[in-house]
Amino acid sequence: MLTGKKVVLGVTGSIAAYKMANVASMLVKHNCEVHVVLTQNAAKFITPVTFETLTKHPCQMDTFERQNPVDIHHLTLGQTADLLLIAPASADVIGKIAYGIADDLLTSTVIAATCPVMIAPAMNTHMYQNPIVQENISRLKSFGYTFIEPQKGRLACEAVGIGKLADESILTECVIQKLKEETKEKTIPDLLGRRILVTAGPTRESVDPVRFLTNHSSGKMGYAVCECAKRRGAEVTLVSGPVHLKAPDGVRLIPVTTAEDMYQAVMQQEARQDIIIKAAAVADYRPTKQHTEKTKKQEGELILELERTKDILAELGKTKRKNQCICGFSMETEHVLENSRAKLKKKNVDLIAANSLREEGAGFGVDTNRLILITESSEEELGLLSKRECADRLLNRLNEIWKQKQEEDNL
């Protein structure tokens, strides 16, 4: 898959450095030429010999130690590579790169690099959430550096939170996808001509001019579906609640705020769609009364009366055409299969993409997911994948269902 591609792995001083041996091995198995640069601190966690054995190339650590006198490592590494991945990236190295400090081989290589640079942070959760670190990350993003977000979980320091290095399979896939983008690899437009509507993000239900009810949805899953569908040739409409994401290029965006807004937008568009994917986390309830003035603090309890919002997925199931494909999402905290299968039947949809909030890597706001694709006759567990890969796998299955419906409709 990566024949002819050269990737430089920059490994910094973090306990997660041991994971990079597997990443190097996975890339080599894809026929990728892999070169590793270790910082001095990284070498205290994993030895150069490990990487040399896996990659069949010398592991570089010293700016001035060269086997070839004309080979200036910090220039040639980043200027002959197709991609540079720094993983795990410590707070120290992120800060240095953000302000142009090049005091070792790795930072010098990054500053001199002409290839794309991807950075996968890994550190204690309090370090990662420190405003200084976050500002450095934002600064690098503004310069065009790509970040592979850390995961939530139990860290080596026994703290629990965000800061865990992304899974090796995620890192490898991100490298593959980035290289595909950079080489402008042509994807077979298997969804060419297909009209696909996707909903994404949360909705907001106002209590008063100041407060509203919402949920933790980031919209990342729905936006990943839009990006993949557009890349594969589809005509994509995105109905999105309030999120901090940019709509993929070429996708028609309809921004909404409330559940009613989303209902109206979807129902206005649904008749001309071939496939509808309801990935949004729509509020099931809204305040019965929305106050025109700010609700003031008072003694005692405050009772907030709620009423049901319209069930968009159920309505789509009622109006579904014979040759139209409808997909819903189901995030559960217990009895995932039972609850999702019941939802599939009750809503009269073709597929439910289910996941559990309890499973690591499948919660709100992360870049990974663990989907189970449920149809009337099948269940397919995808395992831990990036949301982009989940999106492609989901679209594969929905395209199969859509094609089958067309055949049946033509009989």
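The values are calculated or read from the model by the stated rules, or taken from the named source; none is laboratory data. Because the structure is a prediction, the values reported are computed rather than measured. Every residue, glycine among them, receives a Cβ derived from its backbone with ideal geometry; neighbour counts consider all protein chains shown. Note: areas computed on protein heavy atoms with side chains; ligands, DNA, RNA excluded. Shrake-Rupley method; radii C 1.70, N 1.55, O 1.52, S 1.80 Å.
For the reader, a short list of remarks on this structure follows.
- Amide H contacts under 5 Å for Ser206: Leu213, restricted to partners 5 or more places along the chain or on a different chain, H placed in the peptide plane at 1.01 Å from N.
- For the stretch 259-369, alpha-carbon Rg and Dmax in angstrom: 17.3, 57
- Where the Cα pairs of the chain fall when distances are cut into 20 Å bins, in %: 24, 49, 24, 2
- Contact order relative to length of the chain, as percent, for alpha carbon pairs under 8 angstrom and 6 or more apart: 11 percent
- Placed amide H near Glu379: partners under 5 Å, 5+ positions off or other chain: none
- Only DSSP H runs of four or more residues enter the estimate; each adds -39500 (n - 2.57), and after division by the residues of the chain the mean residue ellipticity at 222 nm equals -10500 deg cm²/dmol.
- A simple rule links phi to the HN-Hα coupling: the Karplus curve 6.51 cos²θ - 1.76 cosθ + 1.60 with θ = phi - 60°, which for the stretch 275-287 gives 9, 10, 10, 8, 9, 6, 9, 8, 4, 7, 9, 9, x Hz, with x for Gly and Pro.
- Cα lying deepest toward the dipole's positive end in the chain, options Ile132, Ser169, Thr146, charges on Cβ: Thr146
- Accessible area per residue in Å² at 1.4 Å probe, computed on the chain: 49 Å²
- Neighbourhood net charge (12 Å Cβ-Cβ; Lys/Arg +1, Asp/Glu -1) for Asn31: +2
- Note on Tyr285 and Glu52: the model spin-label points, each 7 Å out from Cα along the C-beta direction, lie 6.5 nm apart.
- Residues of type aspartates and glutamates that Lys296 reaches as a straight line, Cα spacing below 12 Å, ignoring anything fewer than 8 places off in the same chain: Asp208
- Descending semi-axes in Å of the stretch 307-398, equivalent ellipsoid built from Cα gyration tensor: 22, 16, 12
- Given 14 as the ceiling on other Cβ atoms within 10 Å, longest exposed-site-free region of the chain for GluC sites (Glu not before Pro) in DSSP loops: 186-292
- Unit charges at the beta carbon, dipole of the chain: most positive-side option, His216, Asn22, Pro287: Pro287
- Top of Lys318, Lys19, Lys297 by mean-square fluctuation, Gaussian network on the chain, Cα under 10 Å: Lys297
- In a simple Cβ point-charge model (Lys, Arg +1; Asp, Glu -1; nothing else charged), the chain has a dipole of about 800 debye relative to its Cα centre.
- Rounded percent of accessible protein surface that carbon and sulfur make up, the chain, 1.4 Å probe: 50 percent
- Cross-link table Lys278/Lys343; Lys141/Lys230; Lys141/Lys278; Lys56/Lys96; Lys289/Lys310; Lys310/Lys347, entries beyond 18 Å C-alpha to C-alpha: Lys141/Lys230; Lys141/Lys278; Lys56/Lys96
- Dipole of the chain computed with +1 at Lys/Arg Cβ and -1 at Asp/Glu Cβ about the Cα centre; of Asn410, Leu371, Tyr99, farthest Cα towards the positive end is Asn410.
- Computed over the chain with a Gaussian network model linking Cα atoms closer than 10 Å, the most mobile of Thr295, Thr309, Thr237 is Thr295.
- Within the listed set Ala362, Ala112, Ala120, the residue fluctuating most in the Gaussian network model of the chain (springs between alpha-carbon atoms under 10 angstrom) is Ala112.
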